[in-house]
1. Give me the pairs, please: first residue somewhere in region 90-103 and on the phi < 0 side of the Ramachandran plot, second residue anywhere and of a type in the set (F, W, Y), beta-carbon distance under 6 Å, and either six or more positions apart or on two chains.
2. Quickly run through region 30-85 and pick out the residues that are farther than 30 Å from Y182 by Cβ, modelled with pLDDT of 50 or more and assigned to a loop (DSSP other than H, G, I, E, B).
3. I'd like the full set of residues that are more than 15 Å from R232 (Cα to Cα) and crowded, with 22+ Cβ neighbours inside 10 Å, limited to region 199-219.
4. Which of (1) in a loop (DSSP other than H, G, I, E, B); (2) at pLDDT 75 or above; (3) under 21 Å from N247 (Cβ atoms) is the odd one out, the single condition G127 does not satisfy?
5. Mind checking which pairs have a first residue in region 232-245 that is assigned to a loop (DSSP other than H, G, I, E, B) and a second that is among the hydrophobic types (A, V, I, L, M, F, W, C), Cβ under 8 Å, 6 or more apart or different chains?
6. Hey, does region 343-360 have a residue that's without any contact (Cβ under 8 Å) to a residue 40 or more places away in the chain, over 19 Å from G151 (Cα atoms) and part of a strand (DSSP E or B)?
7. So if I check each of V285, V350, V330, which one is outside the structural domain of V238 (by TED's automatic domain parsing), surrounded by 14 or more Cβ atoms within 10 Å (Cβ to Cβ) and over 27 Å from the mean Cα position of the chain (by Cα)?
Amino acid sequence: MRSFISTMSLAALCLAGSALFAGCGGGGGGVPVAGRIAGSITIGGPVNSSAEVAVGLFQAADNQLVASFEAGRITSEAVATGSVNGREITYDFSGLELGSYYTGIYSGEAAAPQIIWQGDPVVVNDGSPESTGRQDTASMLGNGPYGTISGVVDVAGDWPADGSLVFLGFDLNGSGNPAAYYVFEGMPSDGTAGFDGSKLIYNMDFLPYGSYTVGLYQYNPQTHAFMPLGERDVAIEVGADDPNVTNVNFPANFAGDPGEDPTLGTITGTVNFSGALPSGPKYYVAANTIPPQMGAPLSSLELPPEDVGAGGPFGYQLDGLPDGEYTVSVFAYNFQTHQATYFGDYDGTVIIDEQAQLVAGIDFDADVSILE
């Protein structure tokens, strides 16, 4: 049994190289100067299994598609080559007229492309006719900024043995048609979403800001019918105020109505900072499972730097924790580089169970000098 990300096969993204059109030009008299734009796009989050996509180069002035590559054609004197390694797509558009462009991922016909994601404008001119080594991150749900949703599903009952699929999915902005994020061909045992026999731990990343309903669903490939096995009762808002939403926990039951959301535990304590927090990153106190789950912590709390001030204690409360063993730590997160820097943690294990739904007094120190 195996688990995989619900996507069109990444083979559909293996864009071998074809160009639709790009003229020669630029430069004035003599030999025209031709432009070149090359780089890579890393696909994060879910990939829509219903869309055939291509990578295109668009004129920034009028959104006109001037070059594109998809499965296997070369149709003009402009050369566009592409390859994909895992989720990183590389592209190389050459023979371009000088001007301003942007790269994009689109579906549909080249004559009427439906742009899913577009990168920042890039200019090629006489002084700088080539722009190479470009790096972008894209989501098949649309343009950033992006956030995450993470949590735990308490699963009851037996996984289906009739060929049905089970998927962890979301409904963006109340569409009424949940899109798959993780699809399971049987009980999951490894991969980005982990399962320990009763709890499905997940992290959904590269989600554009918006309102989401999250649930676990069963899908029949023959009838194309899906049945909710359990959903989070309230919509989840991913936005600038809360880009990484944790504690999205809910029950699911293969036999029918899973009932009320489970009883979850809480950890409280104090972080003692050695000085003022530098501006720039966002700061969080968080609880991670032992061993750490993939993706975001199960529970986290943002620390406003102005509340910490010049150092001293900060009281925190981490809610929404299912039974288990946890570490508690504090970290800085840079949303530009997606890098976390941990600079303090509790020296011990915190256990949430029926006897200890609330664990208090989890105090520790944070060394701010690590961030300098």
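The values are calculated or read from the model by the stated rules, or taken from the named source; none is laboratory data. Remember, it's a predicted structure, so these values are computed and weren't measured experimentally. Counting neighbours? That spans all protein chains shown, and the Cβs are built from the backbone with ideal geometry, glycine included.
1. So the pair list comes out as Y102/F58.
2. Within region 30-85, G30, V31, P32, V33, A34, A60, A61, D62, N63, Q64 meet the criteria.
3. Scanning region 199-219 gives a single hit, L207.
4. Of the numbered conditions (1) in a loop (DSSP other than H, G, I, E, B); (2) at pLDDT 75 or above; (3) under 21 Å from N247 (Cβ atoms), the odd one out for G127 is (3).
5. R232/V214; R232/V248; R232/F250; D233/F250; P243/F335
6. yes
7. Details: V285 fails: over 27 Å from the mean Cα position of the chain (by Cα); V330 fails: over 27 Å from the mean Cα position of the chain (by Cα).
The conditions single out V350.
Residues checked against (1) under 17 Å from N249 (Cα atoms); (2) in a loop (DSSP other than H, G, I, E, B); (3) at pLDDT below 85:
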site: T268; (1), (2), (3): no, no, no
site: N288; (1), (2), (3): yes, no, no
site: P291; (1), (2), (3): no, yes, yes
site: F314; (1), (2), (3): no, no, no
site: V328; (1), (2), (3): no, no, no
